[in-house]
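Before any comments, here is the structure.
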Amino acid sequence: MIFLETRNLTKKFGGLVAVNNVDFTIEQGKINAIIGPNGAGKSTFFNLISGFHQPSSGQVLFKGQDITKLPSNKIAELGVARTFQTTNLFEQSTVLDNIIVGHRLRTNSNLIDAIFRTKRLKLEEAMCRDKAMEVIEFVDLQKVAYKLVGSLTQEEKKRTAFALALATNPEIVFLDEPAAGVNPDETEGLAELMQKMARKGITVCLIEHKMQMIMKLADKIMVLNYGEKIAEGKPEEIQNNETVIKAYLGGSAIA
Ligand SMILES: Nc1ncnc2c1ncn2[C@@H]1O[C@H](COP(=O)(O)OP(=O)(O)OP(=O)(O)O)[C@@H](O)[C@H]1O
Ligand SMILES: [Mg+2]
């Protein structure tokens, strides 16, 4: 069975076709990448899969189940997590608190529990804390767990965003430009972290402009241009693809 699949996925914003008839398959446990020039539709493609936007037409299937019409929280509950291009963290809260909020998504306490502070809620709070500490360790942020997110480096913020996604126990994570705005050394560290996720069995799909990183990291790459899939394949196939080279200014971005 195909792990995650899009069929003829299309999104129109008025007259603009941001994602145009995209068929894409993702294999379990692999690192998949989506590249393409600015405005190519990469983030929109993620938004369609994770339920933040409704497609104009087409389907998204996760482990054979049609998730196209499900709301984003239901999709997250099924094990599909994502990060955002601009980090959506609470800068005035600690790393730990940011992650506990993320984990709440998966737990069952409702408002009544919250008001009466039932046993279940207390139990879940402890579980959240344990789970949060577990993912903080996984992304190697123990040293800054009690620091405010606003005081972190860009790379630490990216790791926090990873941890937030991981706290929901995902089977697949969609990472929108996880290494944007971090220096080359830190980029290497983030790449290693993505490999660690894949080794743990979490399927990774990332959008990235950093070609050197992508070519080393990805098992499979899809190239979008003006909303259309123009190529799909292994890094070496993509690097030598004429259409892909033309889509980038002078081809220099693929070097
Ligand atoms: N909510 C929206 N309403 C209208 N147009 C949108 C919306 N979101 C995206 N677009 C348009 O859809 C196109 C694709 O945008 P998208 O953000 O998916 O591109 P991208 O490939 O992620 O680009 P970048 O590399 O700059 O992040 C762009 O032309 C963009 O202006
Ligand atoms: Mg984008």
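Each reported figure results from applying straightforward, stated rules to the coordinates on display, with no laboratory input. What you see is a predicted model; the values in this text were computed from it and never measured. Neighbour counts run over all protein chains shown; Cβ positions are idealised from the backbone, glycine included.
What the table below lists for this structure:
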| read-out | value |
| --- | --- |
| Straight-distance crosslink candidates among lysines, where the alpha carbon sits under 17 Å from Lys147 and sequence neighbours closer than 8 are dropped | Lys157, Lys158 |
| Unit charges at the beta carbon, dipole of the chain: most positive-side option, Thr153, Ile136, Thr168 | Thr168 |
| Inter-site label distance for Phe13 and Met1 at 7 Å from Cα along Cβ, in nm | 3.5 nm |
| Unit Cα scatterers, Debye sum, the chain: log10 I(q)/I(0) for q = 0.17 Å⁻¹ | -1.33 |
| Chain lengthening between Glu237 and Lys143 when straightened (0.36 nm per residue, less Cα-Cα) | 29.7 nm |
| Residue of Lys229, Lys69, Lys42 that the Gaussian network model of the chain assigns the largest fluctuation, springs spanning Cα pairs under 10 Å | Lys69 |
| Sequence-distant aspartates and glutamates (8 or more away, or on other chains) whose Cα lies within less than 12 Å of Lys63 | Glu5, Glu27, Glu171 |
| Candidate lysines for bridging to Lys220, where Cα separation is under 18 Å - those fewer than 8 sequence places away on the same chain excluded | Lys30, Lys42, Lys196, Lys210, Lys229, Lys234 |
| Derived scalar couplings ³J(HN,Hα) [region 236-247; Karplus, 6.51 cos²θ - 1.76 cosθ + 1.60; whole Hz; x for Gly, Pro] | 5, 5, 5, 4, 9, 7, 4, 4, 5, 4, 5, 5 |
| Two-site FRET efficiency, Gln65 against Asp185, from Cβ-Cβ distance with R₀ of 45 Å, rounded to 0.05 | 0.65 |
| Built amide H within the under 5 Å cut-off of Gln28, gap 5+ | Phe3 |
| Electrostatic dipole magnitude of the chain [Cβ: Lys, Arg +1; Asp, Glu -1; Cα centre; debye, to 20] | 700 debye |
| Which of Phe24, Ile35, Ala126, positive extreme of dipole for the chain (C-beta unit charges) | Ala126 |
| Cα-centre dipole for region 1-68 with unit charges at Cβ (Lys and Arg positive, Asp and Glu negative), debye to 20 | 140 debye |
| Sequence ranges 155-164, 205-214, 177-186, ranked by mean other-Cβ count within 10 angstrom, highest first | 155-164, 205-214, 177-186 |
| Burial ordering of Met133, Met194, Met215, fewest other beta-carbon atoms within 10 Å first | Met133, Met215, Met194 |
| Theoretical ellipticity at 222 nm over the chain - DSSP helices of four or more residues, -39500 (n - 2.57) apiece, nearest 500 | -11000 deg cm²/dmol |
| Among Ser151, Ser50, Ser72: highest mean-square fluctuation, GNM of the chain, C-alpha pairs under 10 Å | Ser151 |
| Length-normalised contact order of the chain in % [C-alpha pairs under 8 Å, at least 6 apart] | 26 percent |
| Listed residues Ala76, Ala198, Gly227: farthest to the positive end of the dipole of the chain (Cβ charges) | Ala76 |
| Antiparallel bridge percentage (DSSP; both residues within the chain; nearest 5) | 55 percent |
